[in-house]
Amino acid sequence: MKKIGVLTTGGDAPGMNAAIRAVVRTAIFYGCKIYGIEHGFKGLIENRFKEMNLSSVSGIINKGGTILQTLRCPEFHLKEKREIAYRNLINQGIEGIIVIGGDGSRKGAFLITEETKIPSVFIPASIDNDVYGTDLTIGFDTAVNTGIDAIDKIRDTASSHERIFIVEVMGREHGFLALEIGLTGGAEIILIPEFKKDYNLNKICSILQKGIKRGKDSSIIVMAEGFGFVKDWSEKIQKFTGLETRYTVLGYIQRGGKPTALSRKLGLVFGYEALVSLINLKKGQSKMVGIDNWKIKIMDMKKVIHKEKKIDKKLYDINKIFAL
Ligand code: F6P
C-alpha cells in the first residue's frame, strides 16, 4: 500500500490534530504517500486532496480543531454522491483511507470499504464519547475538563447568591459527557436521556429542598442537551420551589481549546495504530481502533458497526450518594 488518504469528519474534537500528525508521520516513516482530504466526506466528493509531508503537521499537537477542517455531509448518504467520491479516490490512486470522526462518521468509513473494497480504518474522535468499541474517544477528556472548569466557576456565583443552576452540556442524544462532567464537577443532579424516566419535576424539587434543609447554600444540576429544554426546566423549578434558579448553556466552548495530555495521547496512539493496521489490510477489510481497559485494540468494523455504546449506570447511581 503506497498511497493513503486521511480525513476528519463530523463535529471537531480537541486531539484530532494529534491524530493527523501521527497518521502523517507514521505513513511517511513506512514509505507511503499521504494525502489529506479537506472538509471531510464533502472533500472526497469535491476532490480536495493535498499531499502532506512531515512539515504539514508541525506545531499542531497542541491545537484544538482539525487542520483538515471538517463539516457534516448529508450528501454522503446519497449513493450517486458517494460514487463521485469513489471515482475521485480511484483517480487519485488511493489504496487505503483513515477516517477520523464520531459515531455518525463510522458508517461512512464502513460504506467506503463495503462499496469500493478500499481498506479503511476508523479513528473514534468526538467530545460525545458515544462510539461503541472504545472506552474513550479523542476529545472527550478535554471537553470534560472544559465542563468542570465552567461548573467550578458557576458554583462560586451559585453559592454567593444561594441559587440553583442548571448547566446544559453537549452530547447529542447521549449522556456520556453530562455524566462525566456532573460526577467530576460534583453536581447534585445529573439529567441524561438514557434515564429520562428517573426524574420528574416533583423528584428534582424534593432533592433540591432536602439539600437546602441540610444546609446546602446552592445546587448544580447538569443536564445533557438530549434530556430537555434547559430554560423550561429552570423556570419550572423556580416556580415550584420559589428558589432563585438560573441556567447556562455551555455550548461550543466544549468543542475547542488546547487538547489535554490524554486527548493528545489518544490521538497519537490511535493515529499510529490505525496507520500500521491499514497498511497490512487486504481489499475489503474495514477496521476501527479503540481503547479497552487502557489496552489499544483493533476491531473488525463488521462486528461493531451496528452496536450502540451503553452508559455506565453504576457511575450514574453512585453520584446520587455523593450528592446527599
Ligand atoms: O457530536 C458532537 C457535537 O458537539 C454534539 O455534542 C452536538 O450536539 C453537535 O455536535 C452539534 O453539532 P453542530 O456542530 O453541527 O452544530
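The values are calculated or read from the model by the stated rules, or taken from the named source; none is laboratory data. Worth saying up front: this structure is predicted, and the values here are computed from it rather than measured. Every residue, glycine among them, receives a Cβ derived from its backbone with ideal geometry; neighbour counts consider all protein chains shown. Side chains are part of the model used for accessible areas, which takes the heavy atoms of the whole protein and leaves out ligands, DNA and RNA. Shrake-Rupley method; radii C 1.70, N 1.55, O 1.52, S 1.80 Å.
Points to keep in mind about this one:
- Where both bridge residues fall in the chain, DSSP classifies roughly 25% of the beta bridges as antiparallel.
- According to the Kirkwood relation over distinct C-alpha pairs, the hydrodynamic radius of the range 143-255 is 13.7 Å.
- Taking Cα atoms only, the orientation of helix 261-278 departs from the longest principal axis of the chain by about 30 degrees.
- For the pair Glu83 and Lys2, a Förster radius of 25 Å applied to the C-beta separation gives a FRET efficiency near 0.55, rounded to the nearest 0.05.
- Distance in nm between pseudo-label sites at Ile253 and Ser206 (7 Å out along the Cβ direction from Cα): 3.5
- Relative to the longest principal axis of the Cα atoms of the chain, the long axis of helix 230-241 makes an angle of roughly 10 degrees.
- Among the chymotrypsin sites (Phe, Trp or Tyr not before Pro) within the range 1-48, those in coil by DSSP and having at most 15 neighbouring Cβ atoms inside 10 Å are Tyr30.
- Annotation: the chain has a Kirkwood hydrodynamic radius of 20.6 angstrom, from the mean reciprocal C-alpha pair distance.
- GluC sites (Glu not before Pro) within the range 1-74, DSSP loop, no more than 15 other Cβ atoms inside 10 Å: Glu46
- Entries in Lys203/Lys310; Lys282/Lys313; Lys81/Lys295; Lys63/Lys303; Lys79/Lys197 that, when Cα-Cα distance is taken, lie over 29 Å: Lys282/Lys313; Lys81/Lys295; Lys63/Lys303; Lys79/Lys197
- Cα gyration tensor, the range 1-125 - rounded (a/c under 1.5), prolate or oblate: oblate
- The three principal axes of the C-alpha atoms in the range 198-324 carry coordinate ranges of 65, 30, 26 Å, sorted with the longest axis first.
- Theoretical gain in end-to-end length, Lys239 to Glu308 [0.36 nm per residue, Cα-Cα removed]: 21.1 nm
- Angle between the chain longest axis and helix 103-116 axis [Cα atoms, degrees, rounded to 10]: 20
- Pair Lys153, Asp217: separation of 7 Å Cα→Cβ label points (nm): 2.1
- Rounded, prolate or oblate (a/c below 1.5 giving rounded, otherwise prolate when a/b exceeds b/c) for the range 99-146 by Cα gyration tensor: prolate
- Here the accessible area of the range 143-255 is 52 percent carbon and sulfur, with a 1.4 angstrom probe and all protein chains present.
- Separation of the Ile318 and Ile296 label points, Cα + 7 Å toward Cβ, nm: 2.9
- Solvent-accessible heavy-atom area per residue, rounded to whole Å², over the chain at 1.4 Å: 44
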